[in-house]
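K.L.:
One structure, as structure tokens, below. Some questions next.
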Amino acid sequence: MKNSIVVEANELSKIFGEGHLAVRAVDRVNLKIHEGEIILIMGPSGSGKTTLLSILGALLKPTDGKVEINGIEITKLNEGKLPGIRVNNIGFIFQSFNLLSSASALENVVFPLSLSGKKSSANRKRARKLLEDLGLGNRLNYLPKNLSGGEKQRVSIARALINDPRLILADEPTANLDSKSGHEVMMLLHDIAKKQKKTVVIVSHDMRIMDIADRVLQLEDGRLVEGGIFLVEDPVCGMRIPKEKAIAKSVFEGKTYYFCSKTCQEKFKKNPQIFF
Amino acid sequence: MFSYALKSFLQDKTKLFIAVIGIAFSLVLILLIYGIFKGTEEQVLAYIKNTRGDLWVMQKGVSTMHMSSSAFPEFYAAQIKKEKEVKEVYKIVYLNNVLKVGGKKYFAYFLGFEPAKKTSGPWKMAEGDKNVGLNEIIIDKKIARESKLKIGDSVKFMGQSLEISGLSEETYSLASSYIFLNYRKLQELFKAEKIASYMIVDLREGQNPREFAKKIKQKYPDLNAISKPKLMDSEGKMIRRMGIETIRVLSVIAYIIGFLVIAFTVYTLAVERTREFGIIKAIGARNTGLYAIVLFQSLTSAIFGLIIGVFLSYGGAYLIERIASELLIIIAPSTIVRISVAIVLISIFSASIPVYKVSKVDPLIAFRE
């Protein structure tokens, strides 16, 4: 059974400016994203990635079209209701971490609880646990200025998760990190989606994120390239490849498997069981 | 939210210091101005306050002691003394004049009292006796010290030489001092024999001063009679009227300074934190929450400023009184409460400028590098 839909966008458009100065930043985008799915939105600068993310995050009203988050049509809601949608349904992860400079790591994570009215000792404990799980147990009372880039981004991830939203929106989450920290953050996002069943939408130029994404959506001039790219994992070498660009495929026990090369396919055919 | 508001406010200690000190000095300015006027009022009222008596009788048409002249035949004292409600009557002669001693001029209230009825003379003596003789004078100990005078020395007043018989205390002030003479002597110097300025009436127990005042006014059409509390009240009002414009102007200046300091600090804080406010909005804060942060910071600076300002005011008053001993500064708790309320209201009002700024913050700022 397919997981339930968390995000649905229909004919979504955003036009900035008027008349001959009008720029169509997002152009008739249709999108369905399921629970536990990781979506990577890629595209050149100015293609409308961040605008699309802002609309999905209830931060920007589209010019046309509708967006549903958890079945709530957010495009219908007035400005006064949107903060409540953001704080309870969406977790944000930003490129430059955006932690509150005067607050400690723990206070940064607890902060959204005060916005959602869920600030309780149990939730404070949960914030502490989240940070400990992210390897920041010894950094709870550190101010952001005393944390490394990777640590800051982990605090930011904990903050995004504290209100237990179904949707996580991440804007270039690895851009300001070294490759090791970037990889750690990628794996965290992967675990969040797969173990906690969160829907993760990532906007990034970082090709490495394709390794964890279920789908890659290519945005060009505000339009999604038809169908997007579905990524599949070669069961032999573990490489993630676009489904339609797979060199070979085989059916085993009623399920189709995709391979990056004929060699992998041959190895699989000889003894499929060893690859599970 | 408030924890964030406080922490972010405390983070920039220089700004906090400037805001708090600015507010504190506004408060010091206002409190000291009020304190000086209150002290002056207290000094001017000192004689009435410290003199026994339930009722003051004066010439008709006169209703205060200071800034007034009252004169009536002294035989009225004997008549009033005969009233059944009256226990005692003290006559005084009172005039404003200047005492020149040691090359200095002292503007003073000269009070001629009947030494036999000591109660209408100086209320506190530093040295000597209240029993002032015909050719004697009692001056304040500060005048004596400044002029290097002592008991037994002579001073000249209205062309006559008078011997200092005593030194009084609490009778020296910026506005004026009290100097005491023999009742008959002051009449003589004044060329006003058998003329009194005021009568202080001590009533028998259980008598109502207001009722008796009515009776006096009806029975003696040349006289006016006022109970002691009423006289003090009208004296106080007169003094406040004299100084109120100055107080108003200086207070408005101080309030404007306070307003600008708070508004500027909270505004710059809001401007510097535009990005953070954007982030907070992005993750789900409502504008009302951000207004609360700004208001909280504004109120916090006002409260810190008030606390420091009150301490500085008391310290400043103490220092000023030590340097300028003629000054009495009274910082009344009621004045602190009144001004604190005004400053808190100002801080709320001054938050409106940054609140406007914050309401315009675009949460999309969070996505910018």
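The values are calculated or read from the model by the stated rules, or taken from the named source; none is laboratory data. Everything numeric here is computed off the predicted structure, so don't read it as measured data. Because the Cβ atoms are built from the backbone with ideal geometry, glycine has one as well, and the counts that use them run over all protein chains shown.
K.L.:
Report those helices (runs of 4 or more DSSP H) wholly inside segment B:130-243 carrying at least 1 residues which are farther than 30 Å from B:Val86 by Cβ.
P.N.:
Passing ranges, in order: B:141-146.
K.L.:
All but one of (1) crowded, with 21+ Cβ neighbours inside 10 Å; (2) not in a loop (DSSP other than H, G, I, E, B) hold for A:Pro165; which doesn't?
P.N.:
(2)
K.L.:
Continuing with the same structure: From (1) at pLDDT below 90; (2) in a helix (DSSP H, G or I), pick out the condition that doesn't hold for B:Leu327.
P.N.:
(2)
K.L.:
Can you list residue pairs whose Cβ atoms sit under 7 Å apart, with the first residue in segment B:355-369 being more than 13 Å from chain A (Cβ to nearest Cβ) and the second being among the β-branched types (Val, Ile, Thr)? Count only pairs 6 or more apart in sequence or on different chains.
P.N.:
From segment B:355-369, the pairs are B:Val355/B:Val294; B:Lys357/B:Val271; B:Val358/B:Val294.
K.L.:
Right, here's the next one. Could you figure out which of (1) within 14 Å of chain A (Cβ to nearest Cβ); (2) under 30 Å from A:Ile157 (Cβ atoms) isn't true of B:Thr300?
P.N.:
(2)
K.L.:
Restrict the check to segment B:124-137 and report whether at least one residue is in contact (Cβ under 8 Å) with a residue 60 or more places away in the chain and buried (at least 21 other Cβ atoms within 10 Å of the Cβ).
P.N.:
No; the residues of segment B:124-137 include none that is in contact (Cβ under 8 Å) with a residue 60 or more places away in the chain and buried (at least 21 other Cβ atoms within 10 Å of the Cβ).
K.L.:
Go through segment B:231-261 and report how many residues are touching a Gly at 6+ places or on another chain (Cβ under 8 Å) and β-branched (Val, Ile, Thr).
P.N.:
Qualifying residue count, segment B:231-261: 2.
K.L.:
Now a separate question. Check A:Ser120 against each of (1) more than 20 Å from B:Ile279 (Cβ to Cβ); (2) within 14 Å of chain B (Cβ to nearest Cβ) and name the one condition it does not meet.
P.N.:
Answer for A:Ser120: the failing condition is (2).
K.L.:
Tell me, please, whether a residue that is on the phi < 0 side of the Ramachandran plot, part of a loop (DSSP other than H, G, I, E, B), under 25 Å from the mean Cα position of the chain (by Cα) and buried (at least 17 other Cβ atoms within 10 Å of the Cβ) can be found in segment B:98-121.
P.N.:
Yes, segment B:98-121 contains at least one residue that is on the phi < 0 side of the Ramachandran plot, part of a loop (DSSP other than H, G, I, E, B), under 25 Å from the mean Cα position of the chain (by Cα) and buried (at least 17 other Cβ atoms within 10 Å of the Cβ).
K.L.:
Only one of these is surrounded by 15 or more Cβ atoms within 10 Å (Cβ to Cβ), in contact with a helix residue (DSSP H, G or I) (Cβ under 8 Å, 6 or more places away or on another chain) and among the basic types (Lys, Arg): B:Lys194, B:Lys228, B:Lys217, B:Lys185. Name it.
P.N.:
Result: B:Lys228 is the single residue among B:Lys194, B:Lys228, B:Lys217, B:Lys185 that is surrounded by 15 or more Cβ atoms within 10 Å (Cβ to Cβ), in contact with a helix residue (DSSP H, G or I) (Cβ under 8 Å, 6 or more places away or on another chain) and among the basic types (Lys, Arg).
K.L.:
Can B:Ser68 be described as part of a loop (DSSP other than H, G, I, E, B) and either farther than 30 Å from B:Lys185 by Cα or of a type in the set (S, T, N, Q) (or both)?
P.N.:
yes
K.L.:
Let me ask something else. Being among the β-branched types (Val, Ile, Thr), surrounded by 24 or more Cβ atoms within 10 Å (Cβ to Cβ) and more than 13 Å from every other protein chain (Cβ to nearest Cβ) is the filter; apply it to segment B:254-296 and report the residue that is nearest to A:Leu59 (Cα to Cα).
P.N.:
Looking at residues that are among the β-branched types (Val, Ile, Thr), surrounded by 24 or more Cβ atoms within 10 Å (Cβ to Cβ) and more than 13 Å from every other protein chain (Cβ to nearest Cβ), I get B:Val294.
K.L.:
Filter segment B:286-324 down to residues that are over 29 Å from B:Ser173 (Cα atoms) and not in a helix (DSSP H, G or I), then give me how many there are.
P.N.:
1
K.L.:
All but one of (1) within 14 Å of chain B (Cβ to nearest Cβ); (2) within 25 Å of A:Arg159 (Cβ to Cβ); (3) touching a Lys or Arg at 6+ places or on another chain (Cβ under 6 Å); (4) not hydrophobic (A, V, I, L, M, F, W, C) hold for A:Pro62, so report the exception by its number.
P.N.:
(2)
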